[in-house]
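The values are calculated or read from the model by the stated rules, or taken from the named source; none is laboratory data. None of these values were measured; they are calculated from a predicted model. Please note: Cβ atoms are built from the backbone with ideal geometry, for glycine as well, and neighbour counts cover all protein chains shown. The area values use the complete protein model at the heavy-atom level, side chains included, leaving out ligands, DNA and RNA. Shrake-Rupley method; radii C 1.70, N 1.55, O 1.52, S 1.80 Å.
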Amino acid sequence: MRTRIGWAVAAFLTALATAVAPAASGSAAAHAQLTHPTTATAATAAAAAATGPWTGTWAVSPQSGGAAFNQQTLRQIVHTSIGGTSARVQISNAFGSQPLAIADVHIAQRSSGAGIVAGTDQIVTFGGQSSTTIAAGALAVSDPIAFAVPALSDVAVSIYLPQGTGASTYHQQGSATNYIASGDVSGSQTLTNPQTTGSYFFLTNLDVQNAASQGAVVTLGASITDGYASSFDADRRWPNDLAVRLAQTGHVVGVLNQGISGNRLLVDGAGPSALHRFAQDVLAQPGVRWVIFADDPINDLGSTSPPPSSDELIAGLQQLIAAAHQNGVRFLCSTLTPYQGAGYWTQQGETAREAFNAYVRSAGNGCDAVVDQDAATHDPANPTMYLPAYDSGDHLHPNDAGLRAIANAVNLALFGAPASTPVVSLRAHANGDIVTADNAGAAPLIANRTAIGPWETFDLLSNADGSVSLRAHANGDIVSADNAGSSPLIANRTAIGPWESFDLLNNADGSVSFRAHANGNIVTADNAGSSPLIADRTAIGGWESFDLIPD
């Protein structure tokens, strides 16, 4: 069964899902000159979305050159970011050389493998019809579907292809298992001996309606964003980790991964360049309000001969910033992660990377904010290389821990105040017990309860610097790492300062840990949970891990 990220938060966000999200800002059509000539125009996508306010919950960026299909069913598994009360899908023939016939499209909640949850299957129509033909270079947007989409969960979309498709529009690096079966079996609860693939074909978007939606953030980049070297079938790409962080803190923000492995900022190759695909892959995305531009320039430096100068990269970046701002989209710049030791590293490329990073970090860069991916991942003792604990082994791509560090480097305050204040409880991995603010909050926090009541319930507050605080329902006070973290955690403050601020860290097993701003240490349920919680650890193990349980 596919690993689920943040199952507890998924349940919490599902409860929030009720109708209507903000529409995308700005006119993508105004920047048609940035659109690759073989893709559907941004204006086409915007017109298709004009029937209602939608927010993207999942997306991939289309590429050319996928496999051909004929009289086969594709069952593709997408992992959502936010939930909603209704859904629609987008199916792309952007790179097709002939019309694409599709029929018998279904959507359902995924159980495990190629199976779907009984009773959740819904038929998807296009203009009221169960089949449609999509012209070469065009995009089809389905009718709204009465389908409850859970947050942070798996949804199966099945498409029957009744005739030869020719080379398909696809997304190569899916990092997830999808399924191919003979004949029309879209409505089947299980598939018998299907073929498997790690790519996505034709399906590019799942959108939702959600009254609490604050909009969508597009992560635009290359293989690091795409999830190359992340654990397969585990949804450990850094945009997935960002979606979990947003959900945990009460933000209802769709996260749309538009990474393409091998992609570049300035030059087409593995997909259209960022300049050429920006209108379609960013500005035309439903509900887009922010874009995080990430790792494309690393490929410009490594795989373009001769490599561009930092000035050329900066000029390309400025074009993207201008296009975003003209369409009311906030642009978050990223520094470039280290890559010394990778096969295409050169000193010339390193010099340009450092100059590009210096520009991104400088005043007057035009960015609305900066995500310092370099600072989050490099080895302080050798800053042109990854911290060994974050290196996948090829010195170019981070592993799951490194991807999580990138997601943790995004300041959630950039997305505004949370749509709601989550109410949570904490279950300690040290002993399996629930953390309580004992004696109505007069005693330090300790994991010694087997049931959840008011003393075991906390408001999870989001702070302006991206950290979180806990407000105990036991007494209404804020939890503090008292005496600069040298004393156990206790709910005894009425205001939030450094001692009351914690970084919320997402662990590979779906649990969380807390790093105290009071002293920079990790909170532990010491002595296998028999002692009060205290921030005195420098590494995360079982005693420092907690399940976040929504109320």
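Structure notes:
- P(r) tail fraction, region 86-229 - alpha-carbon pairs more than 26 Å apart, %: 24
- Straightening the chain between Asp503 and Asp268 buys 80.7 nm, computed as 0.36 nm per residue apart minus the Cα-Cα spacing.
- In the chain, the longest principal axis of the Cα atoms and the axis of helix 238-248 are about 50 degrees apart.
- In region 116-161, the alpha-carbon atoms span a convex hull of 115 Å³ per residue.
- With R₀ set to 35 Å, the beta-carbon distance separating Asn431 from Gln71 gives a calculated FRET efficiency near 0.05.
- When the Cα convex hull of region 352-507 is projected onto planes of every orientation, the mean area is 12.1 nm².
- Pairwise label distance in nanometres, Ala484 with Ser305, each label 7 Å out on the Cα-Cβ vector: 5.7
- Using the Cβ-Cβ distance between Ala440 and Ala369 with R0 = 45 Å, the FRET efficiency computed as 1/(1 + (r/R0)^6) comes to roughly 0.65.
- The packing ranking of peptides 283-296, 81-94, 318-331, highest mean first, is 283-296, 81-94, 318-331, where packing means the average number of other beta carbon atoms within 10 angstrom of each residue.
- Cα-based convex hull volume of region 494-551 per residue, rounded to whole Å³: 104
- Each 10 Å bin from 0 upward holds the following percent of the Cα-Cα pairs of the chain: 4, 19, 28, 26, 16, 7, 1, 0.
- Solvent exposure of the chain as accessible area per residue, Å², 1.4 Å probe: 33
- Under 5 Å between amide hydrogens, built in the peptide plane, is the criterion, and for Ser261 it picks out Gln173 among residues at least 5 positions away or on other chains.
- The slack in the chain from Asp233 to Ala401, taken as 0.36 nm per residue of separation less the alpha-carbon distance, amounts to 58.9 nm.
- Packing around the peptides 365-376, 240-251, 340-351, taken as the average count of other Cβ atoms within 10 Å per residue, puts them in this order, highest first: 240-251, 365-376, 340-351.
- Here Asn519 and Ile123 are evaluated by their C-beta separation; at R0 = 60 Å the FRET efficiency comes out at 0.60.
- Surrounding net charge for Ser130, when Lys and Arg each add one and Asp and Glu each subtract one, Cβ distance under 13 Å: -3
- On Cα atoms only, tilt of 310-326 relative to the major axis of the chain in degrees: 90
- With every protein chain in place, the chain: carbon and sulfur % of accessible area (1.4 Å): 52
- Asp233 long-range amide H proximity, modeled H, under 5 Å: Ala176, Thr177
- Whole-Hz Karplus values for region 78-86 come out as 10, 9, 6, 9, 9, x, x, 9, 8 Hz, taken residue by residue from phi with 6.51 cos²θ - 1.76 cosθ + 1.60 and θ = phi - 60°; glycine and proline positions read x.
- Extension gain from Ala381 to Thr450, taking 0.36 nm per residue of separation minus the Cα-Cα distance: 20.4 nm
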